[in-house]
Every structure is written in C-alpha cells, then in structure tokens.
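Notes for the one structure printed next.
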Amino acid sequence: MISIEVWIGVLGFVGTLLLVLVGLLNFSVFRKQLRVANEQIETAVRQLEIAQKQPDLHLIQRAITETSDHVRLIVERPYLRPYFYADAEWRAGDQATHDEVKAMAELILNNFASALMHSAAFPQYPVRGIDRTIMFHMRHSAALREFLAENFDRFPFTGLTLLCLQHGERAAVEAELRRLTDHPGLDDPEATRRRELLQVYLDDESREPMEYTAYSMERRR
C-alpha cells in the first residue's frame, strides 16, 4: 500500500509538471502575440514610410505630367511634332495652321512654367529631370522661342529661367534680355521689371537657371 507521503510527493510532482506545462503554454501564446505585435508594428512602419513618400511621388508624377502633357496632343496631331522637336518653322500652306502652332506653344510653355515654379517651391521636385526636357524643347522649337519673346510679360517668374535654358551661352542670354528690355511699347512696370532682371543676371554669374525662378517668386512675396 502506497503511503500518503508518496501520494503527496506524486501529486506535488504532477502539480509542478502541470505548472510547468501551463507556463510553457503561456510562453508559447506570449511569443505568438509578440510575433503578431511585431508584424503589426512592421506593417505600420511600412505604411508610414509609404505615406511619407506620397508627397514626393505626387511631385514626381506631376513633373512627368507637366513636362509631357503635350505629347498626347501631338499623338493626335502628328503634323505638329516638327515644330517642337525638329526646329521646323511654320510656313503658309503647312498642314498645321498658325493658330494651332501658337496654341500648342502656349500650352507647352505654361506647363513648363508650372513645372519650374513647383521646382522652386518644393525641394522634392525632380528638377534635374525637367531642366533637360525644357532645354531640349526650347532649343529645338522656333515656335516656343517666338512665343516666349512675344509674351515675355506672361512669364514673370520663369521667363529668365526659360531664356537660360534656351541659350547655352551667357552672352546669348544677355543679348536676348537686352533686346527684350529695349522692346518698344512696354508699359513702365514691365520695362522696369525687365531692366531689373537684366541687372540681376549681370550681377551674379554663379546662379543656376532654376535659381532665377526661386528668386523671382521670393521677390514677389
């Protein structure tokens, strides 16, 4: 017959074993909960990183749109392409009308101006992508150059930057600015603005073309 002391020992061992098993079960549950919590934290961190990148991604998408929006119209009217990619000049009798070419030039320059102002206002804007695009079109489109010269007053923040991207040499930019400054028929505010732009350009040879847009916007605030 097993003595009561032995039963007490056996029951104590079984009780201890059950406590250990419960502890192990609780530890296993705790590890699963910890793993789930870690996964939730990692998911939250990824979502936060994506949310933080959204403004940058939006600006990148906007840059692409603003500098290539005209392509859709050129696909619909391929006869306009030479005027903005191959330096073709409009001639009477062309398939394109003069009004079509001018309207496309206005659209492209307005988009370029918007892109330049965004690059001046937001450091995240991919400026090094848009400057090459604008430079290419300004140097391969007589229609864009003509529209800018005729409507320079409509680009108060971006006109000088567009001129810099249009010309490769400082002397050419200076000569163009002087010609625009001496243009007859300007009202006093516009004549003053152009003289001031010329002086700003002459005073600092180290400015990058994009910096003139930032300068003009800051000066108008």
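Every read-out reported here was derived from the displayed coordinates using simple, explicitly stated rules and does not represent laboratory data. Because the structure is a prediction, the values reported are computed rather than measured. For neighbour counting, all protein chains shown are included, and Cβ atoms are generated from backbone atoms with ideal geometry for every residue, glycine included.
Checking residue 111 against (1) touching a His at 6+ places or on another chain (Cβ under 8 Å); (2) polar (S, T, N, Q); (3) surrounded by fewer than 17 Cβ atoms within 10 Å (Cβ to Cβ), only one condition comes out false. Which one?
(3)
Of 148, 163, which residue is buried (at least 21 other Cβ atoms within 10 Å of the Cβ), closer than 13 Å to residue 113 by Cα, without any contact (Cβ under 8 Å) to a residue 24 or more places away in the chain and under 24 Å from the mean Cα position of the chain (by Cα)?
Just a single option satisfies the conditions, and that option is 163.
Pull out all pairs, ordered by first then second residue, where Cβ-Cβ is under 8 Å, the residues are six or more apart or on different chains, the first lies in the stretch 193-215 and is polar (S, T, N, Q), and the second is part of a helix (DSSP H, G or I).
213/116; 213/117; 213/119; 213/120; 213/160; 213/161
Can you pull out the residues in the stretch 196-221 that are of a type in the set (D, E, K, R) and assigned to a loop (DSSP other than H, G, I, E, B)?
Once the filter is applied, which keeps residues that are of a type in the set (D, E, K, R) and assigned to a loop (DSSP other than H, G, I, E, B), the stretch 196-221 yields 204, 205, 207, 208, 221.
Within the stretch 122-145, count every residue that is more than 10 Å from the chain's Cα centre (by Cα) and of a type outside the set (D, E, K, R).
11
Which of the residues that make up the stretch 177-195 are in contact with a Lys or Arg (Cβ under 9 Å, 6 or more places away or on another chain) and part of a helix (DSSP H, G or I)?
177, 180, 181
Against the definition (assigned to a helix (DSSP H, G or I), loosely packed, with under 13 Cβ neighbours inside 10 Å and either touching a helix residue (DSSP H, G or I) at 6+ places or on another chain (Cβ under 6 Å) or not acidic (Asp, Glu) (or both)), how does residue 95 come out, yes or no?
Judged against the criteria, residue 95 is not a match.
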